[in-house]
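The block underneath contains the structure these notes are about, expressed in structure tokens.
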């Protein structure tokens with residue numbers, strides 16, 4: 001199972017790029033994979049080919065009308081089941097001894 005965090009941003013569309021980022025979130029949401037949006041990117045959970053397939057779809061969509069795209073990807077591949085989007089947070093909170101801001 002893989003946790004993949006990525007951000008994808010067009011570099012040729014000015015300061016506000018939410019119009020382009022939102023198209024990626026539509027693709028991610030329709031994929032059916034578990035995900036979490038955060039202020040600096042999105043974390044997907046699933047099998048290797050599935051999560052990278054979603055990233056590829058996002059890139060292909062952005063590439064249709066963006067001439068320069070920055071992509072940052074971080075992967076945590078671990079044998080075992082899913083549910084790590086939530087369990088990793090709960091593990092840290094248990095060690096801190098309280099629920100943390102989200």
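Each value in this text was obtained by applying a stated rule to the coordinates, not by laboratory testing. Note that the structure is a prediction, hence the values are computed from the model and not measured. Backbone-built Cβ (ideal geometry, glycine too); neighbour counts: all protein chains shown.
Data overview
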{"quantity": "Residues of region 39-52 that turn out to be within 12 Å of the chain's Cα centre (by Cα) and either within 19 Å of residue 82 (Cα to Cα) or exposed (fewer than 11 other Cβ atoms within 10 Å of the Cβ) (or both), as a count", "calculated": "9"}
{"quantity": "Matching residues, region 2-30, being surrounded by 15 or more Cβ atoms within 10 Å (Cβ to Cβ) and either without any contact (Cβ under 8 Å) to a residue 24 or more places away in the chain or at positive phi (or both)", "calculated": "17, 21"}
{"quantity": "Residue in region 43-56 that is assigned to a loop (DSSP other than H, G, I, E, B) and within 19 Å of residue 2 (Cα to Cα) present", "calculated": "yes"}
{"quantity": "Residues of region 65-100 that turn out to be under 16 Å from residue 51 (Cβ atoms) and either part of a strand (DSSP E or B) or touching a helix residue (DSSP H, G or I) at 6+ places or on another chain (Cβ under 6 Å) (or both), as a count", "calculated": "7"}
{"quantity": "Near pairs, Cβ below 6 angstrom, 6+ apart or cross-chain, from region 63-79 (loosely packed, with under 12 Cβ neighbours inside 10 Å) to any residue that is not in a loop (DSSP other than H, G, I, E, B)", "calculated": "70/9; 72/7; 74/5; 77/2"}
